[in-house]
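Every read-out reported here was derived from the displayed coordinates using simple, explicitly stated rules and does not represent laboratory data. None of these values were measured; they are calculated from a predicted model. Cβ coordinates were reconstructed from backbone atoms using ideal geometry, including for glycine residues, and neighbour counts include every protein chain displayed.
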Amino acid sequence: GKGDILKRLIIAPHADDDVLGCGGILDHTCHVVYCGLDESGIDNRPEMDERISEINKVQSITNHTFEVLDNLVNRYEEYKLISQIENIINHHKPNEVYVCHPSYNQDHKSVYNATMISLRPHDTNYFVPKVFLYEQPQVYFWNTTDRDFNANYFVEIDIDKKIKVYETMKSQVRSFRSFEHLRSNAKIRGGQSNCEYAEAFEIIRWVNG
């Protein structure tokens, strides 16, 4: 039926946002769009081929498919992202789209805004029936957006597998999104949903059928 080929489209501002927010559901039904990996012009950042090698290691565990858009990290332009994301949605026609909560990061805000515009009901755009926000653990520490993340959809996950996937992204592991924080976050979400560990999402749109 519709959606057997691709069930979930995950829009990731950077490589690792998908793992942090959706690592527990990342599998062969997912196609991840990394909005940019080019960090040229930023001091002491990993080379693009190192980032691709990390994504390939993640993919060897999760079996997701992916593509990388040509945008400069920390300098995303919304108008450019809108047309890129619209084209991807129209091409893949997914059942579900997952996008990051906007958080305090400028690229996250641009990707969130562009994706919401791309998902509007529109006669030439494919209508995606289910749209979700995913969270980032670090937003607990510094939420400066004008919208809170309202967890209202939960999926039980294997937290050890999620941490194993995150471990492959060596260049991205930080103290404010440590393995311990990932586990604690999943434990809290599990407590809210009667599971041992869970990932939480916010439903933006849910059309039955």
The chain: relative contact order in percent, alpha carbon pairs under 8 Å with at least 6 residues between
24 percent
Could the peptides 119-125, 84-90 be put in order, highest first, of the mean number of other beta-carbon atoms found within 10 Å of their residues?
84-90, 119-125
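Say the cut-off is 18 Å between C-alpha atoms; which of Lys57/Lys80; Lys7/Lys164; Lys130/Lys161; Lys7/Lys130; Lys162/Lys187; Lys57/Lys162 go over it?
Lys57/Lys80; Lys7/Lys164; Lys130/Lys161
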Listed by chain and number, the aspartates and glutamates with an alpha carbon less than 16 angstrom from that of Lys93, same-chain partners under 8 positions apart left out, are Asp4, Glu67, Asp123
Counting each DSSP H run of 4 or more residues in the chain as -39500 (n - 2.57), what helix-only mean residue ellipticity at 222 nm follows after dividing by all residues, to the nearest 500 deg cm²/dmol?
-10500 deg cm²/dmol
If you filter region 29-111 for trypsin sites (Lys or Arg not before Pro), then keep DSSP loop positions with at most 15 other Cβ within 10 Å, what is left?
Arg75
